[in-house]
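Engineer: Please find one structure pasted underneath; my questions will follow.
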Amino acid sequence: MTFTVAITGRPNVGKSTLFNRLVGKRLALVDDQPGVTRDRRMGAARLGDIKFNIIDTAGLEDADSASLEGRMRDQTEQAILEADVTLFLIDARAGVTPLDQSFATMLRRSGKPILLVANKVEGRKGDDGFYDAFSMGFGEPIPISAEHGEGMVDLRDALVEAVGEDVAFGNTAAGGMLDSGTDAAEYDDDFDVDAWDPEAEGEEAPEPEYDNTKPLSICIVGRPNAGKSTLINQMVGSDRLLTGPEAGITRDSISVDWEWQGRAIKLFDTAGMRRKARVQEKLEKLSVADALRAVQYAEIVVIVFDATIPFEKQDLHIVDLVAREGRAPVLAFNKWDLIKDKQAVLKDLQEKTERLLPQLRGLRTVTLSGQTGKGLDRLMEAIADTDRIWNKRISTSRLNRWLDEVQAYHPPPAVSGRRIRFKYITQAKTRPPTFMAQCTRPEGLPASYERYLLNELRATFDLPGVPLRLYLRKPDNPYGNRKRNTSK
């Protein structure tokens, strides 16, 4: 077994900095501005020879429960209930504040072990606040500097004492813990074009069957206030993520573990992406950059459109971004419960999808309501179908028979009086389906003919709605390196 630790405290005392220090990655957004963290974030932490689960929380604020700050406080209280130990951080440079005293009372009522941690003790400025912390009644505070890594040995010893050695060393790995980093999946998206040799391919492997039991990473993206967090809460069946009428509530890319029909799913909630010209504040830039990293490392990306105002220019930019990253996209028209004339609107949405997103012909679209949960089954079926296509592998023999047929039906054009000839094609990789073809004078092949080949690949081998890649290479000249015989 392992144990769980929650990091709490008022805003801007360094909770996210300590979280990043313990997980060994820059997962949580950190800024001088108070109140950066809003949702609770979980991660697998390591401190010396002990491993445990860590929860980063929003800053504790005294606010009305209906306000955004009040809902953030509810998330923090939930984290305290889930944790075995709570780290109560104070800013040693600022000393003990009335807000610290107020929340110390709340933490005592939780009945969980509380470790008082005095952060920012580097230098002499934190001495007064450190000694002042004794008055809070939690025993001797633990002096640390989360930014510089000071005091981590003392923190480790205090955790071991709080949970006991049996629990602290009972497991060498944080079992059952989701890794909340955006490195959800690692793929070899690039391959060495120069190293590819069709003659060395040997016997081709049979086309593998799709494995519908493997874990799946799904990233939810869209404009602000499209209903992304509400959708994830409906999926997991709890108020795991902070939601509300305010736009732009989500800042970090938060991962949530889930299971659908026995299959392990990792859901990533992301910050809303506005047009680049409107993103001025540093914090919003960090949030968007975090969302882009989540897209890069996801498998399936669900682009959430607001069905009441669909196909805004930014919506199309987000879909194009997902396609360029090579991720497997699914389009979800959310807030479908607010649409009155559903048949007419659905027909219009389908027409616009085909017309405005030609680069993803056959893109799967689903209408749903994140508020009521209607349409979630169809969304998951569309995700599974898209993932199957994204992982599809086609045998080289089938591809070359296809290449002969398409060339016979529509031969490549002549460039400077010399016709381009294709000699060989194979699938170099999946995720997304990527093909490598040998042809004479690849630099002269028009882009229109490349589009023709990709469209025929999509239609012939049933590859709708996912990005396709086609790389062209000139055949090697076996006599290119041979020296000319100049002797007579």
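Engineer: When DSSP beta bridges are limited to those with both residues in segment 211-390, what percentage is antiparallel, rounded to the nearest 5?
Structural biologist: Values: 7 of 27 bridges.
Looking only at bridges with both residues in segment 211-390, the antiparallel portion is about 25 percent.
Engineer: Within segment 436-471, whose backbone N sits under 14 Å from a point 7 Å along Cα→Cβ of T396?
Structural biologist: It comes to 436-438, nothing else.
Engineer: Enter the Cα centre distance for the pair segment 124-144 and segment 333-354, rounded to the nearest angstrom.
Structural biologist: 59 Å
Engineer: Now for a separate question. Between Q261 and M106, what's the calculated FRET efficiency when r is the beta-carbon distance and R0 is 56 Å? Round to 0.05.
Structural biologist: Values: r = 40 Å, r/R0 = 0.72.
Efficiency, rounded to the nearest 0.05: 0.90.
Engineer: Another one. So if we plug the beta-carbon distance of D239 and E443 into 1/(1 + (r/R0)^6) with R0 = 60 Å, what FRET efficiency do we get, rounded to 0.05?
Structural biologist: Values: r = 56 Å, r/R0 = 0.94.
The pair D239/E443 has a calculated efficiency of 0.60.
Engineer: Among 426-433, 241-248, what's the highest-first ranking by average C-beta atoms within 10 angstrom per residue? Present the calculation step by step, with values, prior to reporting the outcome.
Structural biologist: Working: 426-433: 19.1, 241-248: 15.0.
The most tightly packed comes first, giving 426-433, 241-248.
Engineer: Let me ask something else about it. What are the residues whose amide H is under 5 Å from the amide H of G370, where those residues sit 5 or more places off or on another chain and H is modelled from the backbone?
Structural biologist: Counting only residues 5 or more places away or on other chains, the set is K335, W336.
Engineer: Let me ask another. If the chain between A66 and K214 were fully stretched, how many nm would it gain, using 0.36 nm times the residue separation less the Cα-Cα distance?
Structural biologist: On the way: separation 148, 0.36 × 148 = 53.28 nm, distance 4.02 nm.
Full extension of this stretch gives 49.3 nm more.
Engineer: Compute the distance in nm between two label points, each set 7 Å from the Cα along the Cα-to-Cβ direction, one at L316 and one at D74.
Structural biologist: Computed distance between label sites L316 and D74 equals 3.9 nm.
Engineer: Which percentage, to the nearest 5, of the DSSP beta bridges contained in segment 396-473 is antiparallel? Before the final figure, lay out each step's value.
Structural biologist: Working: 8 of 13 bridges.
Among the beta bridges of segment 396-473, antiparallel pairing accounts for roughly 60 percent.
Engineer: To continue, here is another question. What ranking do 30-38, 52-60 get when scored by the average of other Cβ atoms within 10 Å per residue, highest first?
Structural biologist: Values: 30-38: 16.7, 52-60: 25.3.
Most protected by this proxy first, the peptides run 52-60, 30-38.
Engineer: How high is the relative contact order of segment 396-473, in percent, with contacts defined as C-alpha pairs under 8 Å that are six or more residues apart?
Structural biologist: Working: 91 pairs, mean separation 22.8, N = 78.
Normalised by residue count, the contact order of segment 396-473 is 29 percent.
Engineer: Quick check: pseudo-label points 7 Å beyond the Cα along Cα→Cβ at R378 and K423, how many nm apart are they?
Structural biologist: If labels sit at R378 and K423, their model points lie 5.0 nm apart.
Engineer: Just to confirm my numbers, what's the Cα centroid distance between segment 377-409 and segment 412-429 in Å?
Structural biologist: 21 Å
Engineer: Moving to a separate point now. Considering only DSSP beta bridges with both partners in the chain, what is the antiparallel share in %, to the nearest 5? Spell out each step's value before the answer.
Structural biologist: On the way: 23 of 64 bridges.
Within the chain, antiparallel bridges account for around 35 percent of the total.
Engineer: Cut-off is 10 Å between beta-carbons; in what order do Y409, Y449 appear when sorted fewest neighbours first?
Structural biologist: Details: Y409 8, Y449 15.
Least crowded to most crowded, the residues run Y409, Y449.
Engineer: Moving to a separate point now. Report the full-extension gain for the segment Q33 to F461: residue separation times 0.36 nm, less the Cα-Cα distance, to one decimal in nm. Let's see the in-between values first.
Structural biologist: Working: separation 428, 0.36 × 428 = 154.08 nm, distance 5.20 nm.
Stretched out fully, the Q33 to F461 stretch lengthens by 148.9 nm.
Engineer: Using modelled backbone amide H atoms (1.01 Å from N, in-plane), which distant-in-sequence or interchain residues come within less than 5 Å of V301's amide H?
Structural biologist: Residues meeting the criterion, in which the H sits 1.01 Å from N, are C219, A328, V330.
Engineer: Next up: Can you tell me how much longer the chain between L99 and A408 gets when fully stretched, taken as 0.36 nm per residue apart minus their C-alpha distance, in nm with one decimal? Write down the numbers at each step before the final one.
Structural biologist: Numbers: separation 309, 0.36 × 309 = 111.24 nm, distance 7.78 nm.
Length difference between fully extended and current span is 103.5 nm.
Engineer: Next up: Spin-label point model (7 Å from Cα, Cβ direction): what's the Y471 to I309 distance in nm?
Structural biologist: 4.2 nm
Coordinate-derived values only; no laboratory data. This is a predicted model, so every value here is computed, not measured. Note: ideal-geometry Cβ built from the backbone for every residue, glycine included; neighbour counts use all protein chains shown.
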